[in-house]
Amino acid sequence: MDRLTTAADMSSRTLYKHIGGKTGLVTAVLTARDERFMQKINVDSLDELFNALTEWVRDEGARGCLFLRAYGETGGNTPEIAEVVLRHKVAFRKRLDEIVRSEVGLSDANASALVDQILILIEGATSVSVYQGEGAISAARDAAAVLIAQARS
């Protein structure tokens, strides 16, 4: 909080007055991060998506998924935070679904399974990037390419 209030050039009392406490602060941070992330992944192909994810890790730092960390820290028991996390994860999966379907052209059941597999690769790579850096995203890209090739055949 000290670093935050110093950076914001305001007292913690003023910050809490505007944001409404720790839950409000976490919710505001997650909402802003969601907007930046969704803009970053507004792409048309899986290759562009993995490029965007690599840039994200490079620019934002490899600290794992802030949404999952916030959810874990609160045990999923803070409704306002849980709602923001779920909304982000649903929107991300939907965007990934759109990219995969346009790129591969599969039936609903097959596309859904493929999207889930690639989603797990991305989520895992985000976590592994904490100690492997951008290489984790590259490994997920390679694994996703194998899944896509298999789906096309």
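The values are calculated or read from the model by the stated rules, or taken from the named source; none is laboratory data. All values derive from a computational prediction rather than experimental measurement. Note: ideal-geometry Cβ built from the backbone for every residue, glycine included; neighbour counts use all protein chains shown. Note: areas computed on protein heavy atoms with side chains; ligands, DNA, RNA excluded. Shrake-Rupley method; radii C 1.70, N 1.55, O 1.52, S 1.80 Å.
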- Message: Using only the Cα atoms of the range 12-102, what semi-axes does the equivalent ellipsoid have when each is the square root of 5 times a gyration tensor eigenvalue? Give whole Å, largest first.
- Response: 27, 14, 11
- Message: Springs between alpha-carbon pairs under 10 angstrom, Gaussian network model over the chain: which of Ile19, Ile122, Ile41 fluctuates most?
- Response: Ile19
- For the range 96-151, give the magnitude of the charge dipole about the Cα centre (Cβ charges: +1 Lys/Arg, -1 Asp/Glu; no others), in debye to the nearest 20. 120
- Enter the accessible area per residue of the chain (Å², integer; probe 1.4 Å; all protein chains in place). 58
- Given the candidates Ala139, His88, Gly21, the one whose Cα lies deepest towards the positive end of the charge dipole of the chain, counting +1 at each Lys or Arg C-beta and -1 at each Asp or Glu C-beta, is Gly21
- Query: Can you pull the percent of the chain's accessible area that's carbon plus sulfur, 1.4 Å probe, other chains left in place?
  - Reply: 52
- Compute, for His18, the solvent-accessible surface of its heavy atoms (probe 1.4 Å) with the complete set of protein chains present, and express it in square angstrom to the nearest 10. 140
- Message: What whole-number distance in Å separates the alpha-carbon centres of the range 5-50 and the range 111-153?
- Response: 26
- Compute log10 of I(q)/I(0) for the range 51-153 with the Debye formula, placing one identical point scatterer on every Cα and leaving out solvent, at q = 0.16, 0.17, 0.25 Å⁻¹, to two decimals. -0.77, -0.85, -1.29
- Message: Across the range 77-127, what fraction of all alpha-carbon pairs, as a whole percent, falls in each successive 10 Å bin from zero upward?
- Response: 24, 45, 24, 7
- Item | Cα-centred dipole magnitude for the chain, charges only on beta-carbon of K, R (+1) and D, E (-1), debye, nearest 20 | 460
